[in-house]
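Inspection log for the structure reproduced underneath, given as C-alpha cells.
The values are calculated or read from the model by the stated rules, or taken from the named source; none is laboratory data. Fair warning: this is a prediction, and the values are worked out from it, not measured in the lab. All Cβ positions, glycine included, derive from the backbone under ideal geometry; neighbour counts span all protein chains shown. Note: areas computed on protein heavy atoms with side chains; ligands, DNA, RNA excluded. Shrake-Rupley method; radii C 1.70, N 1.55, O 1.52, S 1.80 Å.
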Amino acid sequence: ETEEEAQEATFNFKAYLLQKANSVNKALDKAVSLKDPIKIHEAMRYSLLAGGKRVRPILCIAACELVGGLESMAMPSACAVEMIHTMSLIHDDLPCMDNDDLRRGKPTNHKVFGEDVAILAGDALLAFAFEHIATATIGVPPSKIIRVVGELARVIGSEGLVAGQVVDIGSTGLSDVGLEELEFIHLHKTAALLEGSVVIGAIAGGGSDEQIEKLRKFARCIGLLFQVVDDILDVTKSSQELGKTAGKDLLADKTTYPKLMGLEKSREFAEELRKEALDQLSEFDPNKAAPLISLTNYIAFRQN
Amino acid sequence: SMLSTPSKQFDLRTYWTTLIGEINQKLDEAIPIAYPERIYEAMRYSVLAKGAKRAPPVMCVAACELFGGHRHAAFPTACALEMVHAASLIHDDLPSMDDDLVRRGRPTNHAVFGVDMAVLAGDALFPLGFEHIVSQTPPELVPETRLLRVIAEIARAVGSTGMAAGQFLDLEGDASVEFVQEKKFGEMAECSAVCGGLLGGAEDEEIERLRKYGRAVGVLYQVVDDVLEAKSKRERGEVWSKRSKSYAGVFGIDRALEWAQELRSKAIAQLDGLERHGDRVTPLYSFVDHAMYRGFVVGGDQTATVVDQDASTSQA
C-alpha cells in the first residue's frame, strides 16, 4: 500500500487524465468531420463530442503504453471505443429503450435530431468505429489490427454489450433478480467495453498474450468495481453530492449490490475487486503502471 | 423476343442454388442460440429468413472467383454481408423509420420481437459481421492487408455516407430519387462485388470496375422490382402509395424502364473490361440478366415475372 501511495504522490493523475482526454477529444473531432449528409454527421458529433470523461479511450491508451506501445498506435482504437460507447448511449436513450430526455445535462440525441436520425447516427458511429481502426491505425502490424477488430466486435455484440442490455431489459421491474444475473448484466453492459478498451490497447501496443490476459482480468475487475461503487454511492450520497438523483435505483426498483448483499458486504466486495485489479498490475513496471493504478483507486474511492 | 433466356443461365441457376445452400448453412452455424436466447432468435429470424435470394453473398463469391480466388476465402465475408444487410433492413423497418410491418411476405423483426429487441438485434448483427470475417477467413487464403480493406469497405458501405445516408435522405425527402436509390440499393451490391474482388486479389483498376458494376446492378434490381410492383398495382387499379421513393412511382413505368436499360448497359460495359478473365466472368453477367428479366427462379424468389415486351423491345 505504501508503495502505491508513494507512486501516486510522484504521478500527477489529474494532469494525466486532462492531457489524455484532450488528445482523445482532438482525435475524435478530426475523425468524425462534418460532411454530407450534414444532419447525420451533426448528430454523430453532437453526442460524440458532448464531453464525458473519456474513461474508455484513456484505458485503451494507458494499456497500450503500459506494454511499451506509443499513444499514436492506440489512438484510432481509443476513438473507436468512444464511438461505440456513444452509440450505445444514443440507442439506450431511445423511447423504445430507457426513454431518457437528458444525458450529461443535455437533451438526448433523439430529442434534438429525431428518433430516425438518432438510430442512424448510432449505426453510423458503430460502422465508423471499425472503418477508423482499419484505415487509420499506423505503426501496428496488420495481424494485430485484425485482432483488434475481432476483439472489439466480440465485446460489443450479442456476447457482450448487447447481451447485457437484453438481460437488463428482461429484468427491469422483476423483484427476484439474483446476484448471478446482476453480475451478468454488469459484466456485459459495463465491463465488456471496458475490457475491450484495455485489451485492444494492449494488442495494438504489442503486448504479449500473457500481458493481454492479465490486463483482461484487470479490466473485468475494474468494470465490476465501477458498478459496485456506483450502487453504494446511490444509497449513501445525497443528490447534490452525486450531481444526479440519488436513490434513483431504489425508486426504480432496480436490483443493486447493497440491496442484494447489504452495504457492508458491498464495500468489502469493492475492496476485494480493487485488490484483485491491482494484483494484475503487480508484474508490470510500476512507473508505467501508475496511470492504471491511479485509475483503479479513483474508481474505488470516488465520491460521486 | 428477349424472353428466351440465354443457355448460360441454366448453369447459373445451379451455380446460385449450390451457393445459396452453402451460404444458408454457414449463416445457420454462425449464429448459434445462446443465453440470452431472445436476442439470438431475433438475429436469426432476419438473417435466416426463408427464401432469401442471397444476392450480396453470391455476388461476393462470384467476384472472388473471377480473379481466381478460392470460394472459401469469400464465404465468411459473404455471410457478413448478409448480417450487416439484415441489420440495416431491421433498423430501416422500425416505426420511427419506414414503419413497415411486413418484409418479404413475413412480419418485420420489431413486429415479432418488439422495437427494443429489433434495435439491439441490428446493433448485434453489425459487429457479428466483422467478427465473423476476422475469425473465419482462412489466413492462408487471404493476406491480412486485404482483409482490412474488406472490413473498411463494408463499414463504409453501411455507414454515414453509404446506406445510412440513403435511408436518411429517403426519410428527409429532399434528395433526388436516383441518388437515394444509389445509396439505398447500390451500396450493398457495390460493396459485395468490391469485397469479392479484394478477397480474390483484384488490381485497383479492376476494383473500380467492380464498384461501378455492382452499383449499377444493385439499383437495377430495385428499379425493376419497382416496375413490377407498379405494374401489378396498375393492373389491380391501385394507386402507388409507397412512402419511400421509387423511380417508377415518381417518373412512371416507361421512364423507369429506360433507366433500367441504361443501368444494364453501364453494368455490362464494366464487365466487358474484365474479359481477360474468360468464362469466370459469366456469373457476374448473369446478375445483370437476372436483375433485368427475372427469367429464372432463384431461392424463394416468388416474383419471377419477366419484364414484358416494353423492356425487351427497347433493348436494341
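A few comments on the model shown:
- Top-ranked residue in the range B:91-107 [being open to solvent by 10 Å² or more (accessible area, probe 1.4 Å) and under 18 Å from the mean Cα position of the chain (by Cα); ranked as modelled with the highest pLDDT]: B:D92
- Criterion (of a type outside the set (K, R) and on the phi > 0 side of the Ramachandran plot) met by exactly one of B:G197, B:G173: B:G173
- Residues within the range A:122-166 that are surrounded by fewer than 23 Cβ atoms within 10 Å (Cβ to Cβ), under 16 Å from B:L128 (Cβ atoms) and at the interface with another protein chain (Cβ under 7 Å from one of its Cβ atoms), tallied: 2
- Only one of the numbered conditions (1) within 27 Å of B:G114 (Cα to Cα); (2) among the polar types (S, T, N, Q); (3) in contact (Cβ under 8 Å) with a residue 60 or more places away in the chain is violated by B:N24, and that is (3).
- Filtered by the rule that a residue be open to solvent by less than 10 Å² (accessible area, probe 1.4 Å) and either out of contact with any helix residue (DSSP H, G or I) (no Cβ under 8 Å at 6 or more places or on another chain) or more than 12 Å from chain B (Cβ to nearest Cβ) (or both), the range A:178-193 gives A:L182, A:A191.
- Filtered residue count, the range A:109-121, keeping only those that are touching a residue at least 12 places away in the same chain (Cβ under 8 Å) and either open to solvent by 20 Å² or more (accessible area, probe 1.4 Å) or within 9 Å of chain B (Cβ to nearest Cβ) (or both): 9
- The condition of being within 16 Å of B:A121 (Cβ to Cβ), open to solvent by less than 10 Å² (accessible area, probe 1.4 Å) and of a type in the set (A, V, I, L, M, F, W, C) holds for B:M43.
- Taking each residue of the range B:109-135 that is more than 8 Å from chain A (Cβ to nearest Cβ) and looking for partners that are surrounded by fewer than 24 Cβ atoms within 10 Å (Cβ to Cβ) and of a type in the set (D, E) with beta-carbon atoms closer than 7 Å, six or more apart or interchain, yields B:N109/B:D93; B:H110/B:D93.
- If you go through the range B:163-177 and pick out every residue that is at the interface with chain A (Cβ under 8 Å from one of its Cβ atoms) and either in contact (Cβ under 8 Å) with a residue 12 or more places away in the chain or buried (at least 20 other Cβ atoms within 10 Å of the Cβ) (or both), you end up with 6.
- Every residue from the range B:178-205 that is open to solvent by 10 Å² or more (accessible area, probe 1.4 Å), in a helix (DSSP H, G or I) and away from chain A (no Cβ under 14 Å): B:E178, B:F185, B:A189, B:G200, B:D204, B:E205
- Residue, nearest to A:G150 (Cα to Cα), within the range B:144-160, restricted to residues that are among the β-branched types (V, I, T), at the interface with chain A (Cβ under 7 Å from one of its Cβ atoms) and more than 15 Å from the chain's Cα centre (by Cα): B:I151
- Count of the range A:58-75 residues which are under 16 Å from the mean Cα position of the chain (by Cα) and open to solvent by 10 Å² or more (accessible area, probe 1.4 Å): 1
- So B:D116, is it over 29 Å from B:I207 (Cα atoms), of a type outside the set (A, V, I, L, M), assigned to a loop (DSSP other than H, G, I, E, B) and open to solvent by less than 50 Å² (accessible area, probe 1.4 Å): no
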